Amino acid sequence: MKFAAFFYQHGLKLLHPESLPIDQDPASLSFASIGKMPSFDHPPLDLDYTFSHSLQQALHDKLLLLSELPFPIQLLHEHYLHGYVGFMKSVVLQEGTYICNRCGNHEQRLFAQILCARCGEECTYCRKCVTMGRASECTPLVYWRGSEWHAPISSDQLLVWNGVLTPEQSQASEQVIEAVLGRKRLLVWAVCGSGKTEILYRGIEEALKQQMRVCIATPRTDVVLELEPRLKRVFPNVPILSLYSGSPRTELDSPFVISTTHQLLRYRHAFDVVIIDEVDAFPYSYDNMLAFAVNRAKKRHASTVFLTATPNKQLKKEAASGELPVVKIPVRYHRHPMPVPRFIWCGNWEKLLKKRKVPIVVLEWLQKRTSENKQCLLFVPTVDIAVQLEEILSVRFKVASVYSEDPERKKKVEQFRRGELNMLITTTILERGVTVPNIDVAVFGAEHSVFTESALVQIAGRVGRSAEFPDGDVCFFHFGKTKAMLDSVRHIVEMNQYAR
């Protein structure tokens with residue numbers, strides 16, 4: 001039976017199925033009724049009603065489309081009538097302006113109209129968050145209105161880690177704990193390879209002991225995939241849920257969630273602690289929708305910890321004014337400095353590529369890595385260049401290319417980790433979140449606008465992260481130096497000096 005069967009055409013409000021006119025076929029009612037409703041009226045909570053715990057676990061602290069719920073519509077309707085399930089319009093029209101209640105979009109150019117298969121009418125939907133499922137005028141968002149559900153933790157021993165923090169890490173760890181328990185904001189400004197994840201362990205442990213819900217949010221899927229096994233090793237008795245595009249779907253929730261910022265569009269007032277890793281990374285730093293998702297996913301008095309090696313201007317401004325408390329870690333955990341990039345002019349590489357050629361200096365650099373049995377990451381500006389270089393270089397090297405939409409991206413990264421590939425050609429998608437012990441890094445076409453100062457600093461930060469291999473080579477191959485290139489080197493040199 002369609003959801004629209006529970007809407008009465010004339011009264012435009014939810015009713016018991018029995019209250020429909022005798023001669024009215026419930027399945028014939030139109031989704032158009034939802035689009036015309038100003039809002040939903042919600043019955044008071046019936047404390048004597050025996051609600052579904054499975055539905056509670058799936059819906060609590062969430063905001064989901066009907067298509068995302070594997071429950072019979074009759075069950076949802078029954079819980080609505082007893083006050084346990086709420087409905088909200090996905091897209092509303094207010095004073096001539098469309099607003100998406102799921103992603104906060106109010107840019108009119110990012111709305112579109114289609115002849116809707118659901119309501120049979122011209123229906124407006126939000127294009128900004130359509131990759132998460134279509135939110136439209138005739139599609140409600142569903143949420144839980146009953147009592148909270150706390151995911152159980154079966155063990156008193158939460159953190160299992162025998163590592164030792166450096167003095168700088170210990171200081172940062174204490175401030176993270178203070179921010180968590182005090183429900184405050186904190187910026188952890190830490191150089192690449194300083195051990196930011198380890199700094200979080202005790203803060204997360206204290207939060208879980210207090211029955212707080214914790215979320216580590218990051219703009220990149222690769223960071224989620226990197227963090228998941230590490231955190232599961234040190235919190236073996238805590239159920240950890242990882243969410244990213246293509247992750248296994250589950251109705252179960254967890255007190256500890258690792259998620260891409262996009263996936264937080266499905267949460268509402270859920271987390272006591274939100275840790276935003278790589279807060280300056282694309283797309284979070286460019287897309288207001290993701291900041292909206294993070295803010296709505298937090299509870300009213302949640303603590304927020306920002307982690308980054310390259311804070312943006314706004315974070316720096318707040319830190320400088322004292323509005324945002326900050327702790328700096330300018331030195332890597334193994335006490336070695338970050339490698340400073342070298343600039344190598346490679347000529348008009350775009351012209352050479354059109355002839356299916358690669359600059360000699362680049363080939364020599366790659367060949368030296370192979371002869372020394374050392375792996376390397378080769379960063380390129382675009383997907384087309386990545387694919388083209390893979391075709392040219394595969395004749396000489398064991399190589400693969402990866403990019404954000406690559407369906408085999410996860411598999412290729414794992415092959416690289418296992419040493420099955422000499423090199424990985426990548427767009428900026430791997431500038432963060434990937435740690436391989438003994439690698440060198442090169443940027444091909446470093447003058448391209450996609451390589452910002454923060455991107456280049458992060459790319460350089462892939463090298464020398466291991467205590468066993470604290471050094472390495474970072475090369476920026478270019479056809480002309482840019483301000484971003486110069487600023488990235490200045491940034492690294494200054495952090496190294498500060499560390500000393």
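The values are calculated or read from the model by the stated rules, or taken from the named source; none is laboratory data. Note that the structure is a prediction, hence the values are computed from the model and not measured. Here Cβ is always computed from backbone atoms with ideal geometry, including for glycine, and neighbour counts include all displayed protein chains. Side chains included, ligands, DNA and RNA excluded: accessible areas come from the protein's heavy atoms. Shrake-Rupley method; radii C 1.70, N 1.55, O 1.52, S 1.80 Å.
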### Message
Tell me the residue from Leu29, Leu55 that is open to solvent by less than 50 Å² (accessible area, probe 1.4 Å), on the phi < 0 side of the Ramachandran plot and at pLDDT 55 or above, please.
### Response
Leu55
#### Entry: Selection from region 77-98 of residues that are part of a strand (DSSP E or B) and farther than 28 Å from Leu55 by Cα
Leu93, Gln94, Thr97, Tyr98
### Query
Among the numbered criteria (1) in contact with a helix residue (DSSP H, G or I) (Cβ under 9 Å, 6 or more places away or on another chain); (2) open to solvent by 20 Å² or more (accessible area, probe 1.4 Å), which single criterion is violated by Gln113?
(1)
#### Entry: Residue within region 422-442 that is under 25 Å from Gly246 (Cα atoms), modelled with pLDDT of 90 or more, open to solvent by 10 Å² or more (accessible area, probe 1.4 Å) and not polar (S, T, N, Q) present
no
### Task
Count, please, the residues in region 307-323 that happen to be under 25 Å from the mean Cα position of the chain (by Cα) and either surrounded by fewer than 17 Cβ atoms within 10 Å (Cβ to Cβ) or at pLDDT 95 or above (or both).
5
### Task
Just give me the residues in region 324-373 being surrounded by 15 or more Cβ atoms within 10 Å (Cβ to Cβ), part of a loop (DSSP other than H, G, I, E, B) and basic (Lys, Arg), in sequence order.
Arg332
### Message
Any residue at all in region 374-381 that's closer than 22 Å to Ser404 by Cβ and in a loop (DSSP other than H, G, I, E, B)?
### Response
yes
### Task
Find all pairs meeting these conditions: Cβ atoms under 8 angstrom apart; at least six residues apart or on different chains; first residue within region 111-127 and over 17 Å from Asn101 (Cβ atoms); second residue aliphatic (A, V, I, L, M) and assigned to a loop (DSSP other than H, G, I, E, B).
none
#### Entry: Search result, residues across region 447-477 that are open to solvent by 10 Å² or more (accessible area, probe 1.4 Å), touching a residue at least 60 places away in the same chain (Cβ under 8 Å) and either under 11 Å from Met338 (Cα atoms) or more than 26 Å from the chain's Cα centre (by Cα) (or both)
Arg465, Ala467, Pro470, Asp471, Gly472, Asp473
### Query
Given Ala400, Ala297, which one is of a type in the set (Gly, Ala, Ser), crowded, with 19+ Cβ neighbours inside 10 Å and under 26 Å from Ser466 (Cβ atoms)?
Ala400
#### Entry: In region 343-359, residue nearest to Pro381 (Cα to Cα) [restricted to those that are among the hydrophobic types (A, V, I, L, M, F, W, C) and free of Cβ contacts under 8 Å to residues at least 60 places away in the same chain]
Leu353
### Residue that is modelled with the lowest pLDDT, among those in region 392-405 that are aliphatic (A, V, I, L, M) and over 29 Å from the mean Cα position of the chain (by Cα)
Val395
### Query
Any idea which residue in region 324-349 is nearest to Leu165 (Cα to Cα), counting only those that are in contact with a Gly (Cβ under 9 Å, 6 or more places away or on another chain) and modelled with pLDDT under 95?
Tyr333
### Message
Residues that are touching a helix residue (DSSP H, G or I) at 6+ places or on another chain (Cβ under 8 Å), open to solvent by less than 20 Å² (accessible area, probe 1.4 Å) and at pLDDT below 90: does region 170-190 have at least one?
### Response
yes
### Task
Being in contact (Cβ under 8 Å) with a residue 40 or more places away in the chain, within 24 Å of the chain's Cα centre (by Cα) and open to solvent by 40 Å² or more (accessible area, probe 1.4 Å) is the filter here, so list the residues in region 86-110 that pass it.
Asn101
### Message
Looking at Thr139, Thr166 in this structure, which one is among the hydroxyl-bearing types (Ser, Thr, Tyr), buried (at least 17 other Cβ atoms within 10 Å of the Cβ) and closer than 30 Å to Phe71 by Cα?
### Response
Thr139
#### Entry: Residues satisfying the stated conditions in region 58-85, i.e. within 26 Å of the chain's Cα centre (by Cα) and either at positive phi or open to solvent by 30 Å² or more (accessible area, probe 1.4 Å) (or both)
Asp61, Leu66, Ser67, Pro70
#### Entry: Cβ-Cβ under 7 Å pairs, at least 6 apart or on other chains, region 62-74 side β-branched (Val, Ile, Thr), far side buried (at least 18 other Cβ atoms within 10 Å of the Cβ) and not in a strand (DSSP E or B)
Ile73/Phe3
### Message
If I ask for residues that are buried (at least 17 other Cβ atoms within 10 Å of the Cβ) and either touching an Asp or Glu at 6+ places or on another chain (Cβ under 9 Å) or farther than 25 Å from Asp48 by Cβ (or both), which ones from region 142-163 would you list?
### Response
Val142, Tyr143, Trp144, Ala151, Ile153, Leu158
### Task
Check whether at least one residue in region 406-424 is of a type in the set (Lys, Arg), over 30 Å from Glu168 (Cβ atoms) and over 27 Å from the mean Cα position of the chain (by Cα), and report yes or no.
no
### Query
Looking at this structure, is Leu389 open to solvent by less than 10 Å² (accessible area, probe 1.4 Å), at pLDDT 95 or above and in a helix (DSSP H, G or I)?
yes
### Query
Could we say that Leu225 is at negative phi, touching a residue at least 40 places away in the same chain (Cβ under 8 Å) and open to solvent by less than 10 Å² (accessible area, probe 1.4 Å) here?
no
